[in-house]
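Since the structure comes first, as structure tokens, the remarks are kept for the end.
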Amino acid sequence: MPKSDSPCSSALSAKRGSGAGMIRAVIVDDEPPALDELAYLLSRFPDIEVAAAAESGREAVEAIVRVRPDLVFLDIEMPGMNGFQVLHELMVRGRPPLVVFATAFDEHAIRAFEENTVDYILKPIALERLGKTMERVRMLLDRPQRCEGDGSLESLLARVGLFPCGGTGIVRIAAEDEGRNILLTPDEVLYFNSQDRRVLAHTAEAAYPCGPGISLEKLEERLSCFDFFRVNRSDLINLSFVRSFAPWHSGKYVITMRYRDATEIVLSKSRVRQFRAALGI
């Protein structure tokens, strides 16, 4: 991945915005009412200047490159080019601004944001929560030599199949859906299961047969830098979707997954210790 030139991304200019202490922001949302609401809320902060607004991912990239803001409020779920893909392109170009995600994602995804140095706000946006976000933004922007990020942002993008293991490729799992070829990201898959020499990718919505030649062994190797764990000969699970686990019999455990009717999967006795270690417990 191209690295930022020196100085770091916080030093794009000697002063932020059009005046000392001003924070230039770009706001991005595919719903105009949400854009208007965010612009109104930000007008309550005298040190924020909304320099541009965009209603799509592509417009967002163009506006950010043109304006070179200090801060971007970025919607995630947009058609065509979502918020993660926007961030991916900004990372490739180098010198990404601070990004605050506006999201309706569940708590699992929010924990992913919390583990990195990217903030998030839930929709509908509350003024008080926005104020706390701005306090953090000011602190980060005022920090000298702010080299944020590349590691933390890459870690976040890796969770959705971008920048895996320090590379610049995109990880997708080829699968089939009623005669169509579809591409799944790692964060969509709850677990993989091998049945009759074919691997099924189980998501929150359905189970999809993976492409020919895809085995659990190949998936385990390819997804080694994601939160996947081989619990037995037939199942490779996404640890992020584990709801609970409990002793079963003969030293084995039973794992209950989130979604899909709380699917239960057996954890082999020989893998219990590694499973606990992978969960950090």
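The values are calculated or read from the model by the stated rules, or taken from the named source; none is laboratory data. Please read these numbers as outputs of a predicted model, since none were measured by experiment. FYI the Cβ positions are ideal-geometry reconstructions off the backbone, even for glycines, and counts take in every protein chain you see. These area figures cover heavy atoms from the full protein model, side chains too; ligands, DNA and RNA do not enter into them. Shrake-Rupley method; radii C 1.70, N 1.55, O 1.52, S 1.80 Å.
The rows are residues; the columns are (1) crowded, with 16+ Cβ neighbours inside 10 Å; (2) among the hydrophobic types (A, V, I, L, M, F, W, C); (3) under 22 Å from Asp196 (Cβ atoms).
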{"position": "Arg230", "(1), (2), (3)": "yes, no, yes"}
{"position": "Leu239", "(1), (2), (3)": "yes, yes, no"}
{"position": "Ala262", "(1), (2), (3)": "no, yes, no"}
{"position": "Lys269", "(1), (2), (3)": "no, no, no"}
{"position": "Arg273", "(1), (2), (3)": "no, no, no"}
{"position": "Arg276", "(1), (2), (3)": "no, no, no"}
{"position": "Leu279", "(1), (2), (3)": "no, yes, no"}
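Residues checked against (1) over 24 Å from Arg180 (Cα atoms); (2) more than 25 Å from the chain's Cα centre (by Cα):
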| position | (1), (2) |
| --- | --- |
| Phe192 | no, no |
| Pro212 | no, yes |
| Arg230 | yes, no |
| Phe241 | yes, no |
| Ala246 | yes, yes |
| Val254 | yes, yes |
| Glu264 | yes, yes |
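Which residue is modelled with the lowest pLDDT, if the candidates are limited to segment 241-260 and must be within 22 Å of Val199 (Cα to Cα) and buried (at least 16 other Cβ atoms within 10 Å of the Cβ)?
Ranking the qualifying residues of segment 241-260, first place goes to Arg258.
For Ala175, state whether it is open to solvent by less than 20 Å² (accessible area, probe 1.4 Å) and not in a loop (DSSP other than H, G, I, E, B).
Yes.
Within segment 202-211, restricting attention to residues that are outside any strand (DSSP E or B) and not charged (D, E, K, R), which residue is surrounded by the most Cβ atoms within 10 Å (Cβ to Cβ)? Walk me through how you get there before you give the answer.
Within segment 202-211, the subset outside any strand (DSSP E or B) is 204-206, 211.
Applying the additional criterion that residues be not charged (D, E, K, R) yields 204, 206, 211.
Numbers: Ala204: 13, Ala206: 11, Gly211: 15.
In this case the residue turns out to be Gly211.
Among what's in segment 113-141 and is of a type in the set (Asp, Glu) and modelled with pLDDT of 90 or more, pick the residue that is most open to solvent (accessible area, probe 1.4 Å).
Looking at residues that are of a type in the set (Asp, Glu) and modelled with pLDDT of 90 or more, I get Glu128.
Restricting attention to segment 79-106, and to residues there that are among the charged types (D, E, K, R) and at pLDDT below 75, which single residue is nearest to Arg24 (Cα to Cα)?
Step one: of segment 79-106, the residues among the charged types (D, E, K, R) are 89, 93, 95, 106.
The next check asks that each one be at pLDDT below 75; those that pass are 93, 95, 106.
Values: Arg93: 19, Arg95: 15, Asp106: 29 Å.
My answer is Arg95.
For segment 36-85, enumerate the residues that are touching a residue at least 40 places away in the same chain (Cβ under 8 Å), assigned to a strand (DSSP E or B) and of a type in the set (Val, Ile, Thr).
Within segment 36-85, Ile48, Val72 qualify.
Scan segment 180-201 for residues that are assigned to a strand (DSSP E or B), more than 22 Å from Arg233 (Cα to Cα) and of a type in the set (S, T, N, Q) and report the count. I'd like the intermediate steps shown before the answer.
Residues of segment 180-201 assigned to a strand (DSSP E or B): 180-184, 189-195, 198-201.
Subsequent filtering for residues that are more than 22 Å from Arg233 (Cα to Cα) retains 180-184.
Next, only the ones that are of a type in the set (S, T, N, Q) stay: 181.
Going through segment 180-201 one residue at a time, the tally reaches 1.
Please specify each residue of segment 86-104 satisfying the condition of being assigned to a helix (DSSP H, G or I) and within 18 Å of the chain's Cα centre (by Cα). I'd like the intermediate steps shown before the answer.
Here is the first cut: in segment 86-104, the residues assigned to a helix (DSSP H, G or I) are 86-93.
Once the filter is applied, which keeps residues that are assigned to a helix (DSSP H, G or I) and within 18 Å of the chain's Cα centre (by Cα), segment 86-104 yields Val86, Leu87, His88, Glu89, Leu90, Met91, Val92.
Scan Ile214, Ile265 and give me the residue that is in contact with a strand residue (DSSP E or B) (Cβ under 6 Å, 6 or more places away or on another chain) and part of a loop (DSSP other than H, G, I, E, B).
Answer to the check: Ile214.
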